[in-house]
Amino acid sequence: MKIAVIGAKGLPPKQGGIEHYCAEVYPRMVRAGHTVDLYARSSYTEGSWLERDQFQGVQVISLPDFNLRGVDAFITSALGAIAATGKKYDIVHFHALGPSLFTALPRIANTKVVVTCQGLDWQRAKWGGFSTRLIQLGEKAAVRFAHGLIVVSDALQTYFMQTYGRKTIYIPNAPASYGESDADFTYGSGLGLEKGRYTIFLGRLVPEKRPDLLVDAFSRLKPLGWKLVLAGGVSDTKSFTSELLEKVANNRNIIFAGELRGSRLWEIVRGAGLFALPSDLEGLPLAMLEAMKEGIPILASDIPPHKQLVSGGRGMLFEAGNVESCIRSLDWAINHQKELAAMAKNARKHVQLNYSWDRITKETLKLYTTLLDSPESEFITKPNESELAEVLGKK
């Protein structure tokens, strides 16, 4: 099969769940004998416009990107969709709802279109009103024009059925495999950490992930001998990050480690006594899956994607957005290490049994093959000019 990928920033992955997803799935497809072109942002790849590079057999094509906050993803996705329409791919696969605004374009050339929804991006705090409306239009376009719509969690599958009556295909994410890290814990010791005596928050420092709530809970609890590590980059939320860092500046037990990668990231996650994710909004969090795979105990807000992962004795949940509930759960977790270790063991087994990149790749290729061998979906007909104008907000 000849496959085009639109919506990822680029490869190799730096930060972002979609980029790590693409880095796992598409090289596997190449090794299975398929060709994959991934349309990327030149600002992310640091390549010249239309420059081609290769990542484990995947052709990475850098498209113009003008660094316009809130619209750069739409520009490169539109250009990618136009390019893909002219090259007659078998499958054009869009990632995320914003880029899906342009799903109608490849269908004009009778190409089968797939969309993967990792989360309801229009709910994220970083987007302004204009960008939010574009993402919502992208959601409607995905429902209307995609032959196959993949979701990564049970909650998303329920959302699309209840909101649109649209059937979706559930194919979850999977954790990355960590490499070797320093057994002597040199980097962690340099940060003033002790193995098993700190909680780690790992993710972008954005409002919907609620690192501020975790900071408030930890600051009020003041657990003896424990520290809190915030590890993550900034994503168009500099004012939020500034306020957060100002809040922790005078607390010696809260450490901002910045964006960690490679062996340092693996060392700090493996050394943690607790992995905490207090988010209000998630798709199916890769960082949590990776911590579960490494056997790190989990504390998380009780949003549906988190419940899917850690309910049934695989982790500790607290009420989302409720600092008092977070304090109680954090206190219990720190003082019940034996029980938490048993939960972590259950979680590790659960991930090993149910979340595999090889399985995800096979199921995605199976969907591609089914679509290529099937007539148009019962939900979808070829778009006409009137429908295309309506979805793009021109009518």
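The values are calculated or read from the model by the stated rules, or taken from the named source; none is laboratory data. All figures in this text were calculated on a predicted structure; none of them were measured in a lab. Neighbour counts are summed over all protein chains in view; Cβ atoms, including those assigned to glycine, are modelled from backbone coordinates with ideal geometry.
Read through the list (1) at pLDDT 95 or above; (2) within 22 Å of the chain's Cα centre (by Cα), then give the number of the only condition that Glu324 fails.
Only one criterion is unmet by Glu324, namely (2).
Hey, could you check the range 1-57 for residues that are of a type in the set (Phe, Trp, Tyr) and crowded, with 22+ Cβ neighbours inside 10 Å and say which is farthest from Gly283 (Cα to Cα)?
Across the range 1-57, the extreme among qualifying residues is Tyr39.
How many residues does the range 250-279 hold that are farther than 16 Å from Leu191 by Cβ and in a loop (DSSP other than H, G, I, E, B)?
3
Of all residues in the range 137-164 being under 18 Å from the mean Cα position of the chain (by Cα) and polar (S, T, N, Q), which is farthest from Ile303 (Cα to Cα)?
Among residues in the range 137-164 that are under 18 Å from the mean Cα position of the chain (by Cα) and polar (S, T, N, Q), the one farthest from Ile303 (Cα to Cα) is Gln157.
I'd like to verify a number: residues in the range 352-365 that are farther than 18 Å from His95 by Cα and assigned to a helix (DSSP H, G or I), how many?
So the count comes out to 5.
Report, ordered by the first and then the second residue, all pairs with beta carbons closer than 7 Å, sequence separation of six or more or different chains, a first member in the range 6-35 that is within 18 Å of Val113 (Cα to Cα) and not assigned by TED's automatic domain parsing to the domain that holds Leu265, and a second member that is assigned to a helix (DSSP H, G or I) and among the charged types (D, E, K, R).
Ala8/Glu19
Considering only the range 287-322, state which residues are of a type in the set (A, V, I, L, M) and either surrounded by fewer than 18 Cβ atoms within 10 Å (Cβ to Cβ) or not in a helix (DSSP H, G or I) (or both).
Of everything in the range 287-322, those that are of a type in the set (A, V, I, L, M) and either surrounded by fewer than 18 Cβ atoms within 10 Å (Cβ to Cβ) or not in a helix (DSSP H, G or I) (or both) turn out to be Ile296, Ile298, Leu299, Ala300, Ile303, Met316, Leu317, Ala320.
For the range 148-171, state whether one or more residues are in contact with an Asp or Glu (Cβ under 6 Å, 6 or more places away or on another chain), outside any helix (DSSP H, G or I) and of a type in the set (A, V, I, L, M).
Within the range 148-171, one or more residues are in contact with an Asp or Glu (Cβ under 6 Å, 6 or more places away or on another chain), outside any helix (DSSP H, G or I) and of a type in the set (A, V, I, L, M).
Condition check ((1) in contact with a Ser or Thr (Cβ under 7 Å, 6 or more places away or on another chain); (2) among the small types (Gly, Ala, Ser)) across all residues:
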| residue | (1), (2) |
| --- | --- |
| Arg133 | no, no |
| Lys140 | no, no |
| Ile150 | yes, no |
| Asn173 | no, no |
| Gly188 | no, yes |
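Confirm whether Gly196 is crowded, with 17+ Cβ neighbours inside 10 Å and in the same structural domain as Ser311 (by TED's automatic domain parsing).
No, not satisfied.
Kindly indicate the residue of the range 267-286 that is among the acidic types (Asp, Glu) and crowded, with 22+ Cβ neighbours inside 10 Å and also farthest from Ala342 (Cα to Cα) among those meeting that condition.
This residue is Glu282.
Pairs only if they're at least six apart or on different chains, beta carbon under 9 angstrom, first in the range 84-106 and on the phi > 0 side of the Ramachandran plot, second of a type outside the set (S, T, N, Q) and not in a helix (DSSP H, G or I); list them, first residue then second.
Lys88/Lys2; Lys88/Ala109; Ala96/Gly7; Ala96/Ala8; Ala96/Val115; Ala96/Cys117; Ala96/Gly119
How many residues does the range 147-179 hold that are farther than 24 Å from Asn354 by Cα and in contact (Cβ under 8 Å) with a residue 12 or more places away in the chain?
Result for the range 147-179: 3.
Residue by residue, here is whether (1) assigned to a helix (DSSP H, G or I); (2) modelled with pLDDT of 95 or more; (3) not basic (Lys, Arg) holds:
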{"position": "Ser181", "(1), (2), (3)": "no, yes, yes"}
{"position": "Asp184", "(1), (2), (3)": "no, yes, yes"}
{"position": "Gly188", "(1), (2), (3)": "yes, yes, yes"}
{"position": "Gly196", "(1), (2), (3)": "no, yes, yes"}
{"position": "Leu205", "(1), (2), (3)": "no, no, yes"}
{"position": "Asp216", "(1), (2), (3)": "yes, yes, yes"}
{"position": "Val234", "(1), (2), (3)": "no, no, yes"}
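What pairs come out if I take residues in the range 279-303 that are closer than 15 Å to Val269 by Cα and in the same structural domain as Val323 (by TED's automatic domain parsing) and pair them with residues that are β-branched (Val, Ile, Thr) and in a strand (DSSP E or B) whose C-beta lies under 7 Å away, six or more apart or interchain?
Met288/Ile298; Ala291/Ile298; Met292/Ile298
Sort out which residues of the range 163-183 are closer than 21 Å to Ala96 by Cβ and surrounded by fewer than 16 Cβ atoms within 10 Å (Cβ to Cβ), and write them in order of number.
Scanning the range 163-183 gives Thr163, Lys167, Tyr170.
If you take the residues in the range 12-32 that are in a helix (DSSP H, G or I) and over 24 Å from Glu259 (Cα atoms), which one is nearest to the chain's Cα centre (by Cα)?
Only one residue tops the list, namely Tyr26.
Specify which of the listed residues (Lys382, Lys366) is exposed (fewer than 13 other Cβ atoms within 10 Å of the Cβ), in the same structural domain as Ala141 (by TED's automatic domain parsing), at pLDDT 90 or above and at negative phi.
When all the criteria are applied, what remains is Lys366.
Might you check whether a residue that is among the charged types (D, E, K, R) and not in a helix (DSSP H, G or I) occurs anywhere in the range 334-341?
No, the range 334-341 has no match at all.
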